[in-house]
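**Q** Have a look at the structure that comes next, please.
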Amino acid sequence: MRVRTFFSAAMGFLAVSLSLPQQAGAQFGLPSRASSADSAPSTVSTASPRAALQSFLRLAEANDWGSAAEYLSVRPAERGRSEQLARRLKTVLDQRLAIDVRTVSGAVSGDTADGDLGGERIGIITSANGHEDPVRMVRLSATSSGGPVRWVFSQATVGLIDGWFENLGAPWLRERLPSTLIREGPLNVYYWQWIGLALAIPFVLLVAWGLGALLRNLLGRIARRTVTDWDDLLLEHLRGPFRLWAASLAIGPLISWLDLNMRVAGFFASLTRGLVLTSIFWVLMSIVRLAQDRVANAAWATGQGTQARTLVPLLGNFLRVTLTIIALLVALAQFGYPVGTLLAGLGIGGIAVALAAQKTVEHLFGSVSLAADNAFRVGDWVRAGASEGAVERIGLRSTSLRTVDRTVVRIPNGRLADERIETFGERDRILLRTDIDLTYTTTAEQLERIRDALEAALRAHPLVYADVMRVNVVGFTDSAIRINVVSWFLTTNWEQFLRIRHEMLITFMRVIHDNGSSFAFPSRTIYHVQQDSTRPVPIIGNSAPDTDV
């Protein structure tokens, strides 16, 4: 399915990219089309080979073959075929030579530095027997009547036009096809070639599936003989890359058999290299994924699972992003983008990029800082600023916390690195601290017995941390005698601690009740003096401290 989708996208990209203007098509690594659309600079002479070539292409595109034939140096015996030769030459140039008129000299004398002093070399066409035939233009000197200097295609070039034309588009197949199928269609591709491209899609998919299955079967037999299982897992991950690589192998011979023109063939050559490189980077991505899982599982086996769940995904994401960037640069290079110039441009525009991506870079370095400090791990309960919850994910940009309300809070790593982070997951024991308020009717002897009984109840618990324990009377408040209880329990499980605290508080209530005391509550005694009495009468109220009775 992935190969089919990729191939269909490539065909769509072909149709769009080849229909772009020459400047845009060059960015995709496509050879430039022979066209007169490029306007000549002001320094180009009208009597130069470039101007002559542009005029020929312009007239040919307008189907003015009579005028276009004037740019051919035709032998007197073939003057009657001059228009046909012009038409055939235009077809040959479209099919076999991707001309960039900007590379042709704009001087009247032509390019005198290329070693061809007698003319201007436009390009090279490889004939059926493998011989390289030059396409040349020569200068016709001014006539005695004062005519202008003109550049035309040489007689040697014109003499080769028929041979070039007869070998276009698989001549052995053209002889057996109806005339309607050997006409040029869109993108200068013959109609029979378009049909061949449509039929090539299922053929490439079939070859990709067959070769991929064969290669995977052969490697699977080797992997089953090894004592480890990582190679078996790797083969399962390489199903897609194998098929993509097999598809790239099938495209090359198929395109060669269809004998497409230079522009389309150049695109498919770039596409084939792109598929090979994509399969290679896909393999590397699969290896990173497999290594990430293996390292995490190995860390779980050695008791470092929490740390592995934090660092391994972060490192895996970093490697995948790096590979993606490298793959993108390589793909751009395959389709003709000047990667070196692009990287140099990034140096010039680095300040603008840095300002635009300031927050993104800040969060990226924040994630690196959190990982280096090992501030917390996946699964830890943390409090960061006003947020509190369990760490669910540590990404390259943000960290996700699952709160008590089951909502997810995502905090950017750049801001999180500057926050005060309290990690509950690193506790080796949990603190129990409470104040017990007793009524003032409690005697000193009762206080001593209650304190001793509370400490004994704590020490009797099997998980208590006995080295540090405090049970003391700490003060006299407005309405109670206060006993402060401080103790730790050897557990890091919060749910277990809640059960321990519940049991201890119930035990404290029983101790106080058994020793004849009770809990105090906020109360106030008001002395009300009556007019007919010289002694104040106390009135005890159970109201809040700020209420008079």
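**Q** Tell me, which residue of region 241-276 that is among the charged types (D, E, K, R) and assigned to a helix (DSSP H, G or I) is surrounded by the most Cβ atoms within 10 Å (Cβ to Cβ)?
**A** Applying the filter and picking the extreme gives R243.
**Q** Please state which of the following conditions L85 fails to meet, knowing it meets all the rest: (1) open to solvent by less than 60 Å² (accessible area, probe 1.4 Å); (2) within 46 Å of the chain's Cα centre (by Cα).
**A** (2)
**Q** Please tell me if A386 is modelled with pLDDT of 70 or more, exposed (fewer than 13 other Cβ atoms within 10 Å of the Cβ) and either within 17 Å of R415 (Cα to Cα) or touching a Pro at 6+ places or on another chain (Cβ under 9 Å) (or both).
**A** yes
**Q** Which members of region 148-182 meet the condition of being under 29 Å from R121 (Cα atoms), at pLDDT below 80 and in a loop (DSSP other than H, G, I, E, B)?
**A** Across region 148-182, the qualifying residues are P148, V149, N167, L168, G169, A170.
**Q** Could you please find all residues in region 220-240 being over 18 Å from M285 (Cβ atoms) and either touching a Pro at 6+ places or on another chain (Cβ under 9 Å) or open to solvent by 20 Å² or more (accessible area, probe 1.4 Å) (or both)?
**A** Answer for region 220-240, where residues must be over 18 Å from M285 (Cβ atoms) and either touching a Pro at 6+ places or on another chain (Cβ under 9 Å) or open to solvent by 20 Å² or more (accessible area, probe 1.4 Å) (or both): R221, I222, R224, R225, T226, V227, T228, D229, D232.
**Q** Oh, and also: In the set V486, V473, which member is without any contact (Cβ under 8 Å) to a residue 40 or more places away in the chain, surrounded by 13 or more Cβ atoms within 10 Å (Cβ to Cβ) and within 16 Å of R433 (Cα to Cα)?
**A** Residue meeting the stated conditions: V473.
**Q** Ok, one more. If a residue has to be modelled with pLDDT of 85 or more and surrounded by fewer than 16 Cβ atoms within 10 Å (Cβ to Cβ) to count, how many in region 409-419 make the cut?
**A** Residues in region 409-419 being modelled with pLDDT of 85 or more and surrounded by fewer than 16 Cβ atoms within 10 Å (Cβ to Cβ): 1 in total.
**Q** Additional query: Just one of the numbered conditions (1) on the phi > 0 side of the Ramachandran plot; (2) not in a helix (DSSP H, G or I) is not true of L187; which one?
**A** (2)
**Q** A further question on this structure: Has region 102-115 got any residue that is over 53 Å from the mean Cα position of the chain (by Cα) and open to solvent by 10 Å² or more (accessible area, probe 1.4 Å)?
**A** No, region 102-115 has no match at all.
The values are calculated or read from the model by the stated rules, or taken from the named source; none is laboratory data. This is a predicted model, so every value here is computed, not measured. Cβ sites come from the backbone with ideal geometry, for glycine too, and all protein chains shown count toward neighbours. For accessibility, only protein heavy atoms count, side chains too; no ligands or nucleic acids. Shrake-Rupley method; radii C 1.70, N 1.55, O 1.52, S 1.80 Å.
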